[in-house]
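As structure tokens, the structure follows; a few thoughts come after it.
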Amino acid sequence: MSYKPVSTRYDSMEYRRCGRSGLLLPAVSLGLWHNFGGVDTLENCRSILRLALDSGITHFDLANNYGPPPGSAEENFGRILKQDFHGYRDQLIISTKAGYYMWPGPYGEWGSKKYLVSSLDQSLQRMGLDYVDIFYHHRPDPNTPLEETMAALDLIVRQGKALYVGISNYRAEEAAKALQILKQLGTPCLIHQPKYSMFERWVEEGLLDLLEKEGVGCIPFSPLAQGLLTNKYLKGIPSDSRAAKPTGFLQESAVTEQTVGKIKRLNELAIKREQTLAQMALAWILKDKRVTSVLIGVSKPEQVTDSLQCFRNTWFSPEELQTIEDILR
Ligand SMILES: NC(=O)c1ccc[n+]([C@@H]2O[C@H](COP(=O)([O-])OP(=O)(O)OC[C@H]3O[C@@H](n4cnc5c(N)ncnc54)[C@H](OP(=O)(O)O)[C@@H]3O)[C@@H](O)[C@H]2O)c1
């Protein structure tokens, strides 16, 4: 059946300015790293994407290697874009990335101009797009001059294949250099995509301050620590969870007694706040106005519905914040 997004979809979402750019992003964006590949069910992907769009999520994040197999998430997304979201391209912010291993030989990963330009061409073809809104360098490359990688990003924008560029997984010091080079080239960095959650706090040691000072947006990934910061692992490892799936990046070994102990205590606090743990974990990141958007993943539509309720309460009392610090210590 043909699909038409609901007309009220922008009413319930908060849109935040991305750094000092002209672009607004939804406070919650959807990533297609897991659950959108060739091994997954296309109808589930479709239901999630439709619900996300109907809920005001305008930003969808991909990468060349998302699947499995690598590339298949872009292919599935391209299929659904064409079949369902046809006519809505101008209402969507689509990003992709290159940096991790994609094809054999010396030009299939890292940060050379050769790799980045070829990879984006392949991504555009897989998604059936003329351009992406944001193209990222996915991880720093210790062996390619940063000037070459940043010049490739600048070139891609000048060629019209991306409107904006970003960097991902760059530590504060490397990020500062990259931002400087991009500024000099005349293609300012729009956004940084770091890993950030209650369980992963390195961005607080300089990166968030740098991004604020430079007017660059921030879109934390894995805000739920791949599902650990939800009520799912309280009583063991469910068979349909990421930790149990052979294709999941979260290892069973990450679900330790110590971690589950922390999750239980966080869950008790979430219940007191009348939230699910997922909602509280997202709200905890969104309380920081330097964060433009949190980049979530989901395996089913119900998780979109649940997680978006985080907006009901993004305020934390000083006592609640201290309780969280005590639990995480
Ligand atoms: N730049 C990078 O290097 C990089 C790296 C990783 C990710 N990313 C981006 O960030 C996106 C999000 O990463 P992520 O998938 O790890 O994020 P996440 O939000 O931390 O974890 C997603 C998982 O949490 C569980 N979940 C989500 N909502 C839930 C809810 N309301 N209740 C219970 N469980 C819930 C689901 O697990 P189950 O599957 O077990 O149901 C889901 O697959 C990716 O898709 C990708 O776009 C970027």
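Scanning residues 5 or more positions from V165 or on other chains, those with amide H under 5 Å from its amide H are F135, L190, with H placed 1.01 Å from N in the peptide plane. This ranking places C189, C18 by how few other beta-carbon atoms lie within 10 Å of each, fewest first, which gives C18, C189. Taking the longest Cα principal axis of the chain as reference, the axis of helix 146-158 is set at about 80 degrees. Qualifying chymotrypsin sites (Phe, Trp or Tyr not before Pro) in segment 271-329, where qualification requires a DSSP coil assignment and no more than 12 other C-beta atoms within 10 Å, comprise W315.
Karplus-derived 3J(HN,Hα) values for segment 238-245, using 6.51 cos²θ - 1.76 cosθ + 1.60 with θ = phi - 60°, are x, 5, 9, 8, 4, 5, 8, 7 Hz; glycine and proline are entered as x. Between 0 and 90 degrees, the angle of helix 318-328 with respect to the longest Cα principal axis of the chain falls at about 80 degrees. Subtracting the Cα-Cα distance of D121 and E319 from 0.36 nm times their residue separation leaves 66.2 nm of extension gain.
Taking a threshold of 30 Å on the Cα-Cα distance, which of the pairs K235/K289; K4/K183; K264/K287; K177/K289; K195/K272; K195/K262 fall above it? K235/K289; K4/K183, as the Cα separations exceed 30 Å there. Per residue of the chain, the DSSP helices (runs of n ≥ 4 H) give a summed -39500 (n - 2.57) that works out to -11500 deg cm²/dmol at 222 nm. Expressed as a fraction of 2.2 N^0.38 Å, the C-alpha radius of gyration for segment 192-296 is 1.13. Just so you know, the Rg over Rh for the chain is 0.95, from Cα atoms, with Rh as the Kirkwood radius. Across segment 272-321, counting alpha-carbon atoms alone, Rg and Dmax equal 11.1, 34 Å. On alpha carbon coordinates alone, what is the Rg over Rh value for segment 1-154, Rh being the Kirkwood radius? With Rg and the Kirkwood Rh in hand, the quotient comes to 0.99. Out of all DSSP beta bridges in the chain, what portion is antiparallel? Express it as a percent rounded to 5. Percentage antiparallel, nearest 5: 15.
Label-to-label distance, E205 versus S7, with points set 7 angstrom from Cα along the beta-carbon direction: 5.3 nm. Helix 277-286 axis versus longest C-alpha principal axis of the chain: approximately 50°, rounded to the nearest ten.
With Cα atoms defining each centre, segment 210-256 and segment 56-114 are spaced 20 Å apart in the structure.
Counting neighbouring beta carbons within 10 Å and listing from fewest to most, the residues D209, D141 come out as D209, D141.
A cut-off under 9 angstrom between Cβ atoms defines the neighbours of I80, and their net charge, with Lys, Arg +1 and Asp, Glu -1, is +3.
Read the figures in this text as sums done on the coordinates, not as results from a lab. Only a predicted model underlies this, so the values are computations on that prediction, with no experimental measurement involved. So basically every Cβ, Gly included, is an ideal-geometry build from the backbone, and we count neighbours across all protein chains shown.
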